[in-house]
Amino acid sequence: MTSTTPLEFAPDLLVRFTQPDPRTDDADTTIWNERITSTDYRTALATIGDHPQETLGLYLHIPFCPGRCLYCGCNTTVTHNTTRIDRYLDALEQEIEQVASVIAGERDVLQLHVAGGTPNYLNDHQLTRLVEIIERRFRILPETATAIECDPRRSSAGQLELLHALGFRQITFGVQDLEARVQRAIGRIQSIDLVRDVYWMARESGFDSVGFDLIYGLPEQTAESFEATLAAVVDMAPDRVACFGYARAPQQRAHQHAIDIHCLPDARQRSAMFKRAVTAFTQCGYTWIGLDTFALDTDELAIAQDEGRLYRNCIGYTAANPRHTIGFGAGAVGEINGHCLQNETHIERWQQRIAAGELPVVRGHHLSKAEQRRRHALSHMICNLELSRSQAQGCLDQEYQRLASYAADGLVEVEPDRLRITPTGRFFLRELWSEHDAYFAWDRARWHLSRSN
Ligand code: SF4
């Protein structure tokens, strides 16, 4: 099941398909509009109420951190005020009550994902309260994929045992890079010993899945230095590793200006780092999942991809595929019956709107049936590395032809009824996808919201 390592490819492919130089400012574009109202959100939620058997995914955003990492692209706030976090949980409880009252009845949850910010910045009482708030209105099943993203610098054996006792079965730690020079350049110091200790504490606490997030393209990183991080990570053998490219957007995240752009690797070096990640993981028992994730061959994501039933929603890759996802918290995103929705990102405005009895949506987009088909087909291509002619018919006809033309570059194989992404094409999958999917920005925005704790 292990993915094939991509072969060397012609340098001109890099030039043609690689994203703009990451050292330039990135003006984000999105399809979202701000005409969407609380009433629209309520109407979308009411459609769930009519179908009590439909399953849910829940995304909860905790936008607080004790300090700011310089590369951070997340919607988060630095605070040392516990009362402020308590007030946030008060509003979160109200938001959950408001949503639950519209969809009516206790609903089965297939996927629960808590991210931030730093969810494990909450104290034990707050973490316990968070889970109680959710369980009061939603049914968490034994098979629910319950996941939380944590900062290893805030983790302790006692906290990990509590999280497991509260029902979390998957945990992800933000590791980013283990080299001291890189850590100094990004303002985030965490020794390899600390990461290793936390990793083994999580194992001993009984989590089914322990994952790491890595970032390539950081200041002071080289392909060689990143290889040392990869070797140390492979040695620990986490179940899943997400390997993201540093997304530079200082216009939206002013603190990123503190990173010296002259210390950033260029596009070619970034590509070399990701190639090394692919090699390191696929040679050591991991399957390459979708764009940027690696999972042990025995992991449910790897098995789902192998069987052609891997999905991707605004929470991430999933084998469970809940029918709808609902976002709670400031800036949280969700998708309900083709309505893509994002909550107000500003914490106080989000609280005020909830206090006024509003559902705090701030922007969104309603996908037409054709757009939904298109999104589904492209998502299937990302997850399962193929696009069938029947899926493309009527919604991606021109794109299908254009993708087929990349056979000359060795990026796809053309079969009578489908296109298959080759190992080399796999390497450029993000670019192939972004070229054809207006909703790429949607997914990018989701990752900006919640990754890298
Ligand atoms: S990268 Fe994570 S821990 Fe660092 S500031 Fe951003 S959200 Fe907080």
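The values are calculated or read from the model by the stated rules, or taken from the named source; none is laboratory data. Quick caveat, the model's predicted, so the values are computed rather than measured. Quick reminder, even Gly has a Cβ in these numbers, built from the backbone with ideal geometry, and neighbours come from all protein chains shown. Ligands, DNA and RNA are excluded from the accessible area calculation, which covers all protein heavy atoms including side chains. Shrake-Rupley method; radii C 1.70, N 1.55, O 1.52, S 1.80 Å.
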Checking the structure you have, find out if any residue of the range 230-239 is crowded, with 18+ Cβ neighbours inside 10 Å, part of a loop (DSSP other than H, G, I, E, B) and either in the same structural domain as residue 163 (by TED's automatic domain parsing) or on the phi < 0 side of the Ramachandran plot (or both). yes
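Are any of the residues in the range 191-212 among the acidic types (Asp, Glu) and modelled with pLDDT under 95?
Going residue by residue through the range 191-212, those that are among the acidic types (Asp, Glu) are 193, 197, 204, 208.
Going one step further and asking which of them are modelled with pLDDT under 95, we end up with none.
Among the residues of the range 191-212, not one is among the acidic types (Asp, Glu) and modelled with pLDDT under 95, which makes the answer no.
Might you let me know whether the range 104-120 holds any residue that is among the charged types (D, E, K, R) and within 16 Å of the ligand (Cβ to nearest atom)? Steps first, please.
Here is the first cut: in the range 104-120, the residues among the charged types (D, E, K, R) are 106-108.
Those left that are additionally within 16 Å of the ligand (Cβ to nearest atom): none.
No, the range 104-120 contains no residue that is among the charged types (D, E, K, R) and within 16 Å of the ligand (Cβ to nearest atom).
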By residue number, the members of the range 58-98 that are within 9 Å of the ligand (Cβ to nearest atom), without any contact (Cβ under 8 Å) to a residue 60 or more places away in the chain and open to solvent by 50 Å² or more (accessible area, probe 1.4 Å) are 78
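Identify, from the list 215, 289, 192, the residue that is buried (at least 16 other Cβ atoms within 10 Å of the Cβ), of a type outside the set (Lys, Arg), closer than 24 Å to residue 78 by Cα and in contact (Cβ under 8 Å) with a residue 24 or more places away in the chain.
215
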From the residues in the range 292-310 that are over 15 Å from the mean Cα position of the chain (by Cα) and not in a loop (DSSP other than H, G, I, E, B), which one is surrounded by the most Cβ atoms within 10 Å (Cβ to Cβ)? 302
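Here's the yes/no breakdown for (1) in contact (Cβ under 8 Å) with a residue 24 or more places away in the chain; (2) among the β-branched types (Val, Ile, Thr):
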| residue | (1), (2) |
| --- | --- |
| 128 | yes, yes |
| 133 | yes, yes |
| 142 | no, no |
| 146 | yes, yes |
| 149 | yes, no |
| 155 | yes, no |
| 165 | no, no |
| 172 | yes, yes |
Return a yes/no flag: does the range 34-57 have any residue that is within 16 Å of the ligand (Cβ to nearest atom) and in the same structural domain as residue 337 (by TED's automatic domain parsing). no
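Are any residues in the range 389-400 crowded, with 17+ Cβ neighbours inside 10 Å and under 18 Å from residue 309 (Cα atoms), and if so, which ones? So that I can check it myself, show each step before the final result.
Step one: of the range 389-400, the residues crowded, with 17+ Cβ neighbours inside 10 Å are 391-392, 395-396, 399-400.
Once the filter is applied, which keeps residues that are crowded, with 17+ Cβ neighbours inside 10 Å and under 18 Å from residue 309 (Cα atoms), the range 389-400 yields 391, 392.
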Test: residue in the range 126-148 that is surrounded by 22 or more Cβ atoms within 10 Å (Cβ to Cβ) and within 15 Å of the ligand (Cβ to nearest atom): yes
Would the range 269-291 turn up any residue that is under 13 Å from residue 240 (Cα atoms), over 18 Å from the mean Cα position of the chain (by Cα), in a strand (DSSP E or B) and modelled with pLDDT of 95 or more? yes
